[in-house]
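Worksheet: the structure to be examined is printed underneath.
The values are calculated or read from the model by the stated rules, or taken from the named source; none is laboratory data. Quick caveat: nothing in here was measured; it's all calculated off a predicted structure. All Cβ positions, even for glycine, are placed from backbone atoms using ideal geometry, and neighbour counts span all protein chains on display.
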């Protein structure tokens, strides 16, 4: 059997249509991959910000959990107290929290440490039967700690969306008060 000359291959029109279809499939695949990469980048950014927020809350809680004998003072955006330093031989070290240029700064010794960025507002409050905005409240409370400390921060969340974080840390009873 012999084939006719016109039936031996593809026509130019058939090749052009198949190339066009392959191009459409490639463009759709590229758009899909690009969308997946953008979602992954947003998710990683949110995950990183969440890790930063959790780390800041752990640092604050740990410092307050290890509060050492001494005075505590706080008002508005500032908090000062002493904490135990087991790695340094148990000597109490002063700790100070404040805001600088929209960042939560923790000061232990001469070197400030940036704990969290993107803070709009920060407020410390103290529980001693009622919430108060400053500590010590008066001369009678100067020699003792409040029962709990609250930190509330308005922060920029993932993608710049604002959010509020609040943590309440209960403090141990002071040894001086336990003996009375």
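Return yes or no: is residue 3 at pLDDT 90 or above and either at negative phi or part of a helix (DSSP H, G or I) (or both)? No: the conditions fail for residue 3. Looking across the range 67-91, just one residue is touching a strand residue (DSSP E or B) at 6+ places or on another chain (Cβ under 9 Å), without any contact (Cβ under 8 Å) to a residue 24 or more places away in the chain and farther than 16 Å from residue 107 by Cβ, and that is 84.
Quick grid of which residues meet (1) modelled with pLDDT under 90; (2) over 20 Å from the mean Cα position of the chain (by Cα); (3) surrounded by 15 or more Cβ atoms within 10 Å (Cβ to Cβ):
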position	(1), (2), (3)
41	yes, no, no
49	yes, no, yes
77	no, no, yes
96	no, no, yes
112	no, no, no
119	no, no, yes
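Report, ordered by the first and then the second residue, all pairs with beta carbons closer than 8 Å, sequence separation of six or more or different chains, a first member in the range 37-49 that is farther than 20 Å from residue 119 by Cβ, and a second member that is surrounded by 11 or more Cβ atoms within 10 Å (Cβ to Cβ). Sorted first by the residue in the range 37-49, then by its partner, the pairs are 42/158.
With respect to the conditions (1) at pLDDT below 85; (2) farther than 15 Å from residue 57 by Cα; (3) in contact with a helix residue (DSSP H, G or I) (Cβ under 9 Å, 6 or more places away or on another chain); (4) surrounded by 10 or more Cβ atoms within 10 Å (Cβ to Cβ), residue 159 lacks only one, and its number is (4).
Residue-wise test of (1) loosely packed, with under 14 Cβ neighbours inside 10 Å; (2) closer than 21 Å to residue 62 by Cβ; (3) touching a residue at least 60 places away in the same chain (Cβ under 8 Å); (4) in contact with a helix residue (DSSP H, G or I) (Cβ under 8 Å, 6 or more places away or on another chain).
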residue: 129; (1), (2), (3), (4): yes, no, no, no
residue: 138; (1), (2), (3), (4): yes, no, no, no
residue: 146; (1), (2), (3), (4): no, yes, yes, no
residue: 149; (1), (2), (3), (4): no, yes, yes, yes
residue: 164; (1), (2), (3), (4): yes, no, no, no
